[in-house]
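**Student:** To start, I am sharing the structure in question, which I have written as structure tokens.
Every number in this text was worked out from the coordinates using simple rules, so none of it is lab data. Fair warning: this is a prediction, and the values are worked out from it, not measured in the lab. Heads up, the Cβs are rebuilt from the backbone with ideal geometry, glycines too, and the neighbour counts pull from every protein chain shown.
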Amino acid sequence: MQRTLSLMFQRRTVDKRYIAVCAGTLQPPQGEIDLPIAPDWPNRPLQRIDAENGKSSLTRYRLLQQESDRSRVELEPVTGRSHQLRLHLASIGHPILGDALYGDEHSAPRLLLHACALRFTHPASGESLAFEHMPSF
């Protein structure tokens, strides 16, 4: 069962959504961040944007709420690279608040990134499953 679930994630048949609070005013209010990601070997566990050697990485975003100097956004990682959401937002100038690796760890008491929805088909029963939880931050 675990192997089948892992393959579902690898094959991108699992729909994942996240909520994050990031710095600044995110414009345009929805879009895609399509930047290749590669390991930053000398600075592990950091990843980096690397047009030459990076693997393709795509994140869709949608602005949910604007509060003065911060944006609450819904994020959909189309690909699933390590630190993808954190690095993509930081690379366009909107690091996730509380991010010690790609932003300012003192901007919030913790990383303001929350997995809010997971949808997939149960590998044994074929039943469509959906799990959702909205954070209060």
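**Student:** Need the failing condition index for D99 against (1) loosely packed, with under 13 Cβ neighbours inside 10 Å; (2) touching a Leu at 6+ places or on another chain (Cβ under 7 Å), just the number.
**Tutor:** Result: D99 fails condition (1) only.
**Student:** Right, next: Is one or more of the residues making up segment 3-20 surrounded by 17 or more Cβ atoms within 10 Å (Cβ to Cβ) and either more than 27 Å from L129 (Cβ to Cβ) or without any contact (Cβ under 8 Å) to a residue 12 or more places away in the chain (or both)?
**Tutor:** No.
**Student:** Please verify whether I92 is of a type in the set (V, I, T) and in contact with a helix residue (DSSP H, G or I) (Cβ under 8 Å, 6 or more places away or on another chain), treating the condition exactly as stated.
**Tutor:** Against the criterion (of a type in the set (V, I, T) and in contact with a helix residue (DSSP H, G or I) (Cβ under 8 Å, 6 or more places away or on another chain)), I92 does not qualify.
**Student:** Here's another thing I want to ask about it. If you go through segment 5-38 one residue at a time, how many are in a strand (DSSP E or B), of a type outside the set (D, E) and out of contact with any Ser or Thr (no Cβ under 8 Å at 6 or more places or on another chain)?
**Tutor:** The total comes to 8.
**Student:** Please state which one of S91, S125, S71, S82 is under 17 Å from V14 (Cα atoms), in contact with a strand residue (DSSP E or B) (Cβ under 7 Å, 6 or more places away or on another chain) and not charged (D, E, K, R).
**Tutor:** On inspection, the qualifying residue turns out to be S82.
**Student:** Next question. Between E52, E105, which is surrounded by fewer than 18 Cβ atoms within 10 Å (Cβ to Cβ), of a type outside the set (A, V, I, L, M, F, W, C) and touching a Leu at 6+ places or on another chain (Cβ under 9 Å)?
**Tutor:** E105
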